[in-house]
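To keep things clear, I will list the structure first and then write my remarks on it.
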Amino acid sequence: MNEIKIAKKNIHVNIQGYLDNYDDWSEEFARKMAKIDNVKLYNDHWELIYYFREYYLQNLVAPTMHQMIIELMSKNIKFHDKKKYEEHIYALFPSDPIREICKLAGLPMPQADS
């Protein structure tokens, strides 16, 4: 088990950096993990992080890329095309958006698509 220090408290994470305890999440945790993963957090990042946390509380599972795009695209006045919004998500989180957002939101690591 790994630990990271957030505000003088040791927080347990797995080897990939995902929280062991959902309730240990804080914005400070997200900032620290983003820094480790070389992600600069701006408003669009935080929107996705909080969306994932709310979605998880309601459904006990993280949204898929498709669910996220359909739900958030309609709320975002800048994007009216699914492909453009998906490109925007990948610009924010280039490697693997769903996994990275889950990590920053303090959610369990999502299962691989089968």
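Bear in mind these aren't lab numbers, they're just calculated from the coordinates by the rules spelled out. Note that the structure is a prediction, hence the values are computed from the model and not measured. Cβ coordinates were reconstructed from backbone atoms using ideal geometry, including for glycine residues, and neighbour counts include every protein chain displayed.
Could you work out the helix-only [θ] at 222 nm for the chain, with each DSSP H run of four or more residues adding -39,500 (n - 2.57) and the total divided by the number of residues, to the nearest 500 deg cm²/dmol?
Calculated mean residue ellipticity at 222 nm is -15000 deg cm²/dmol.
For Tyr50 paired with Asn10, estimate the spin-label separation in nm (one decimal), with each label point 7 Å from Cα along the Cα-to-Cβ line.
Taking the two extended label points, one gets 3.3 nm.
Which value, in debye to the nearest 20, describes the size of the charge dipole of the range 1-101 about its Cα centre when Lys and Arg Cβ atoms bear +1, Asp and Glu Cβ atoms bear -1, and nothing else is charged? Display every interim value, and only then the final one.
Working: 14 positive and 16 negative charges, 53 e Å.
Value, rounded to 20: 260 debye.
Can you tell me, using C-alpha contacts under 8 Å and at least 6 residues apart, the relative contact order of the range 2-105 as a whole percent? Numbers along the way, then the final one.
Details: 83 pairs, mean separation 28.7, N = 104.
Result for the range 2-105 is 28 percent.
Suppose the chain between Asp20 and Glu87 were pulled fully straight at 0.36 nm per residue; how much longer would it get relative to their current alpha carbon spacing?
Taking 0.36 nm per residue and subtracting the Cα distance, the gain is 21.1 nm.
What residues qualify as long-range amide H neighbours of Val13, i.e. H under 5 Å apart, gap of 5 or more or another chain, H built at 1.01 Å from N?
Under 5 Å from the amide H of Val13 lie the amide H atoms of Asn2, Glu3, Ile4, Asp20, each far enough along the sequence or on another chain.
Apply the Karplus curve 6.51 cos²θ - 1.76 cosθ + 1.60, θ = phi - 60°, to the phi angles in the range 2-13 and return the couplings in whole Hz, x for Gly and Pro.
Coupling constants for the range 2-13: 9, 9, 10, 9, 10, 6, 6, 10, 7, 10, 7, 10 Hz.
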